[in-house]
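Single-structure report; data block below.
The values are calculated or read from the model by the stated rules, or taken from the named source; none is laboratory data. Owing to the predicted nature of the structure, the values given are computational and were not obtained by experimental measurement. Cβ: placed from backbone, ideal geometry, glycine included. Neighbour counts: every protein chain shown. Surface accessibility is based on the protein's heavy atoms, side chains included, excluding ligands, DNA and RNA. Shrake-Rupley method; radii C 1.70, N 1.55, O 1.52, S 1.80 Å.
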Amino acid sequence: QVQLVESGGGLVQTGGSLRLSCAASGGSFSYTSTGWFRQAPGKEREFVATISWNGGMTYYGDSVKGRFTCTRDNAKKTVYLQMNSLKPEDTAVYYCALINSPYGSTRPGEYDNWGQGTQVTVSS
């Protein structure tokens, strides 16, 4: 069973940047895809980004397209989410998740393993 740990969250002002990391331990990582989701209080979990097993394909939610970039380093078993031009509406708990497929999905129900999440707060 793969364990996922997110880090890099925090408090940032509008227009600032953060880089989230999702580190995997145990199990197979190289041939899985990773997704990032977020959940704000009182709202449903929202798709943010996904990256294929080799990093060759990425896909982003409309609300973050052009501002967020997802990359991965399979040697380090880590996936990153670079978040630029942050807005107050980006405030949420951010989760990474793995899917046992070379290509990711926008649907959270298709993911097999989840991290505990990291809080991102963007002040106005």
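A few remarks follow.
- Filter pass, residue 109 being open to solvent by 20 Å² or more (accessible area, probe 1.4 Å), touching a strand residue (DSSP E or B) at 6+ places or on another chain (Cβ under 6 Å), among the small types (Gly, Ala, Ser) and within 17 Å of residue 45 (Cα to Cα): no
- Lone qualifier among 64, 48, 79 - being of a type outside the set (Ser, Thr, Tyr), open to solvent by less than 10 Å² (accessible area, probe 1.4 Å), in a loop (DSSP other than H, G, I, E, B) and free of Cβ contacts under 8 Å to residues at least 60 places away in the same chain: 64
- Matching residues in region 28-45 - criterion: being small (Gly, Ala, Ser) and surrounded by fewer than 20 Cβ atoms within 10 Å (Cβ to Cβ): 28, 30, 40, 42
- Qualifying residue in region 82-94 (condition: hydroxyl-bearing (Ser, Thr, Tyr) and at pLDDT below 95): no
- Contacts under 8 angstrom Cβ, first residue in region 97-114 being more than 16 Å from residue 28 (Cβ to Cβ) and in a loop (DSSP other than H, G, I, E, B), partner of a type in the set (Val, Ile, Thr) and open to solvent by less than 60 Å² (accessible area, probe 1.4 Å), 6 or more apart: 105/50; 105/99; 106/50
- From 56, 115, 104, 109, residue being within 16 Å of residue 6 (Cα to Cα) and not hydroxyl-bearing (Ser, Thr, Tyr): 115
- Only one of the listed residues (29, 47) is at pLDDT 95 or above and not aliphatic (A, V, I, L, M). That residue is 47.
- Per-region count, region 1-33, residues in a strand (DSSP E or B), closer than 17 Å to residue 114 by Cβ and within 14 Å of the chain's Cα centre (by Cα): 10
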